[in-house]
């Protein structure tokens, strides 16, 4: 006889044990095996008073935000709707079947109360655990960046005069875009000086790829350790900030977060500016960077003309000698580009027989020399070495794979919230989740003394940060 199940809801359930309902190899069990979330209580204790209503346990709030990105749940509201039907989530949070789950608004309130520093320390803790688990070598790091679509539409962008846009950004305390860190040439008017998104004024209007139209975006800068792909440094900026401007900042942050000085940095040609090459060589770091000038296309009118290396520099007299034997003297300096311009006397190029092979400019030929030309030359030799080329091939699977995982599994390519400080929180949480996955894969063990370790990390790491100085790249070469 065929049986028919008659569903009858029970008013009381005494035999449900979530510990037995979650399989032993469940990913969330492995997460709890390597991460002790209790450290967050000491981290955020200063934001709570001693009287009044009792709030949700900070451990539960952090676990909820961890789940939001660990499983790439589309929204906080949807996460809370899933909770009652997900036994593994309830077990992970420490709830039983009959407990009331929090309202989704508690997460946004917690972010506003705690501020971004608490979430930065969550990321720093995962880095520290990776270091203690032996997953970070620290000697070679890979750097790259990626644009993130802000939670604001193109229709939210308005145009006005630079003065009014600047006044509006000041009124809403928007992040100011530094001119010397943008991708806009100095002789152009930056589009973000005349346009702003009223929905998210921190996000900068920027294109992504050759065909895509400009829209509000953020720029995520990341450093990944060569040994196992641990994310050791993260920085989030408006989308208009050029990636090559953040190389030194990522190197500093890597050393502060790991306690290890990198001796090799790997990046594509966007980072291979003269300033970055010189700064790395001066700091004793091997720049395995693609050389920017090797990727730049020559103007059509310059094809077949003498290159700058065809001009001989005399250090003693600080002059150049052109292929025709004429002398080029120092004429002026460009402070923003850190270069010095050399040119011949007036009329020399006009009477030269090699003019057709040298220049098409009416005023004659000029040569630009970087202020740290010797360091730049040494950096280019290192950057063009076979080992540097091998490292740049490896970065295609290492750091680009890290970005791919973040985008495909953790919702990296879209902003969930508005304003820069919230985007920073999102990026720290995603990076922390990816580091936890590496810990889980490596079978790491939970650190003892979580609260003490968190306090030590918060103090010592930030103290170390203030002691590190590197030459700061200023502008593309």
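Computed from the coordinates by the stated procedures, all read-outs in this text should not be read as laboratory data. Since we're looking at a predicted model, the values are computed, not measured. Cβ sites come from the backbone with ideal geometry, for glycine too, and all protein chains shown count toward neighbours.
The set of residues in the range 49-69 being surrounded by fewer than 22 Cβ atoms within 10 Å (Cβ to Cβ) and over 13 Å from residue 122 (Cβ atoms) consists of 49, 50, 51, 52, 53, 54, 55, 56, 57, 60. Please list, ordered by residue number, the helices (runs of 4 or more DSSP H) wholly in the range 204-320 having 3 or more residues that are surrounded by 22 or more Cβ atoms within 10 Å (Cβ to Cβ). In the range 204-320, the matching helices (runs of 4 or more DSSP H) lie at 247-258, 274-282. The helices (runs of 4 or more DSSP H) located wholly in the range 70-164 that include 1 or more residues which are within 24 Å of residue 33 (Cα to Cα) and more than 18 Å from the chain's Cα centre (by Cα) occupy 76-82, 87-93, 116-132.
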